[in-house]
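FYI, it's all coordinate maths here, none of it is from the lab. As the structure is a prediction and not an experimental result, all values here were calculated from the model. Note: ideal-geometry Cβ built from the backbone for every residue, glycine included; neighbour counts use all protein chains shown.
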Amino acid sequence: SQKIEQNSEALNIQEGKTATLTCNYTNYSPAYLQWYRQDPGRGPVFLLLIRENEKEKRKERLKVTFDTTLKQSLFHITASQPADSATYLCARHGSSNTGKLIFGQGTTLQVKP
Amino acid sequence: DTEVTQTPKHLVMGMTNKKSLKCEQHMGHRAMYWYKQKAKKPPELMFVYSYEKLSINESVPSRFSPECPNSSLLNLHLHALQPEDSALYLCASSRDPHLPGQGYEQYFGPGTRLTVT
């Protein structure tokens, strides 16, 4: 099956450090991946989209990479802050340009002051 | 305006009740979505509307009935729900996903927390 997997264990880091979250996919090659942030009890918020022909994308303190050889996307938050604490979801599109999004399980990030 | 609004924020209903969830966006998006999210799980797609027509139904039970009255509004009608249907229901919208080579981001509303008693 076409899986998209994130490390479901929580990630705890110290304020000011770089957080790195991983998204792995198997048995297919997505044309693009998306990353969302979700706070408890609220809807996901879109952060970044990266296409398969893009190695890296940046937005302020956020950086996402796409390695089609390793079948992996990495999401980095530099100079992390307690306000970055949230669950981060990786998502791929279903087939046929339907708009269908399939999410990974999400990784919960806790940034300690 | 990049906001998707959902009403109500919270809903408690009995198994024999009929209720509706509402969603609205004014971004000119032509695709709208309903997702269901259980605690500590990712959102799961239920329905997709594209240009006001239902394009995807992810084998959702008929006690959930979606409706798209116009390009800005999306409803989810609920009838005879079960306690296991209790969840956060999320609405989202995006630009036309059918354009080839596009991976448009989705804008989510805050959700409706539904409890079925």
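Under a Gaussian network description of chain B, with springs only between Cα atoms under 10 Å, the residue in B:L81, B:L99, B:L90 that fluctuates furthest is B:L99. Using only the Cα atoms of chain B, construct the convex hull and provide its projected area averaged over every direction, in square nanometres to one decimal. With the hull built on Cα positions only, its mean projection is 7.1 nm².
Taking Cα pairs under 8 Å and at least six residues apart, what relative contact order does chain A come out at, in percent?
Numbers: 273 pairs, mean separation 40.3, N = 113.
Relative contact order, chain A: 36 percent.
In a DSSP loop and with at most 15 other Cβ atoms within 10 Å, the GluC sites (Glu not before Pro) in the range A:1-104 are A:E9, A:E15, A:E52, A:E54, A:E60. Taking label points 7 Å from Cα along the Cα-to-Cβ direction, A:E52 and B:K9 give a separation of 4.3 nm. Test of the criteria: in the range B:1-110, which GluC sites (Glu not before Pro) are in a DSSP loop and have at most 12 other Cβ atoms within 10 angstrom of their Cβ? Passing sites in the range B:1-110 are B:E3. For the protein assembly as shown, the orientation-averaged shadow of the C-alpha convex hull comes to 12.7 nm² (one quarter of the hull surface). Taking Cα centre as origin and charging only the Cβ of basic (Lys, Arg, +1) and acidic (Asp, Glu, -1) residues, the dipole magnitude of chain B rounds to 380 debye. Taking a straight line from the alpha carbon of B:K36, these lysines sit under 30 Å away, with near neighbours fewer than eight places off in the same chain left out: A:K3, A:K57, A:K59, A:K63, A:K71, A:K100, B:K9, B:K18, B:K19, B:K22, B:K53.
In terms of surrounding Cβ atoms within a 10 Å radius of their Cβ, B:I56, A:I4 rank from fewest to most as B:I56, A:I4.
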